[in-house]
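The values are calculated or read from the model by the stated rules, or taken from the named source; none is laboratory data. No experiment lies behind these values; they were computed from the predicted model shown. Positions of Cβ are generated from backbone atoms using ideal geometry, with glycine treated the same way; all protein chains shown enter the neighbour counts.
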Amino acid sequence: MTTILVFGDSNSHGTMPLARLGGVDRHPKSARWPDVMGQALGVEVLIEGHPGRTTVHDDPIDGAHKNGMRALPAILESHRPLDLVVIMLGTNDCKARFGLRGWDIAAAVGKLAQVVQASNAGPGGAAPQVMLVAPVPVEEAGVLAEMFQGGRARSRAIAPALKDEAERLGLPFFDAGRVAAVDGLDGVHMDARAQQALGLAIAEAVGPLLPS
C-alpha cells in the first residue's frame, strides 16, 4: 500500500483553536487534514504532528525535543518504507522568541527536506519523494497574540521563500494559505472547516506524485 508521512506541528496534529493557554483539545480524526487527505486518496497516512515543533531550533522555553531536525531521522527509520514525506512546518518558527525571517524559515525547511532526500526510508532503500507545504499564515490574536508578536508579517514571508527553496531542490510545493486560514480565536490553529479544505486541496496536489 502507498504510504505518506506527514511531518508537521499542531496544525497537522489537529489541535483545535485555543481559548486558553495550555489547551490540548484535538479535532476528531475524521476532521484532521492529513486524515482527510488519506481518505480522499485511499492511501495510508502516518501523522507525525507534534504541537510546538520547530524546523531546526531547540525551543528555549518548551524544550529541545520540539526541534524537528532532532526528531526526523528516527521518524524516517521508524516508518519506512515511505512513498512520500509531506513537510508542513514553520509556524512555530514565527514565534517572537526566535526572531527569524521568512527566508530563514524556508531555508530550515529545505534542510529537513535534504535529510529525507539523503535517507533510505523509501521503497527498496531509496529516498522517499518530498513535498514542501508552506503553513497557513498566522494572525496576532487571542491568547497566542503576544507569543507570536510580529508573526503576521513573518509567516506571510514563508510561502514565497519556500516556493523558491522547493524549486532549488527540485521538489513540489503547495501553499496552504491559498485554501485555508487560521481561526481568529487564537490566530494560529485551524477550525474543522479549514482542516477539511486543506486536506482535500493537498490530496489533489499529491495525487499525481503517488505510484499508480
**Asked** If you go through region 29-46 one residue at a time, do you hit one that is within 14 Å of the chain's Cα centre (by Cα), crowded, with 23+ Cβ neighbours inside 10 Å, at pLDDT 95 or above and assigned to a loop (DSSP other than H, G, I, E, B)?
**Response** yes
**Prompt:** Can you find a residue in region 129-145 that is surrounded by 15 or more Cβ atoms within 10 Å (Cβ to Cβ) and touching a Cys at 6+ places or on another chain (Cβ under 8 Å)?
**Reply:** yes
**Item:** Cβ-Cβ under 9 Å pairs, at least 6 apart or on other chains, region 142-165 side without any contact (Cβ under 8 Å) to a residue 12 or more places away in the chain, far side not hydroxyl-bearing (Ser, Thr, Tyr)
**Value:** ALA153/GLY102
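Every residue, every condition in (1) within 24 Å of PRO34 (Cβ to Cβ); (2) of a type in the set (D, E, K, R); (3) part of a loop (DSSP other than H, G, I, E, B), yes or no:
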site: LYS111; (1), (2), (3): yes, yes, no
site: ALA121; (1), (2), (3): yes, no, yes
site: GLY124; (1), (2), (3): no, no, no
site: LEU132; (1), (2), (3): yes, no, no
site: VAL143; (1), (2), (3): no, no, no
site: MET147; (1), (2), (3): no, no, yes
site: ALA153; (1), (2), (3): no, no, no
site: ASP164; (1), (2), (3): no, yes, no
**Where a residue in region 4-17 is under 20 Å from LEU210 (Cα atoms) and its partner, wherever it lies, is at pLDDT below 95 and in a loop (DSSP other than H, G, I, E, B), with Cβ under 9 Å and at least six apart** = ILE4/LEU210
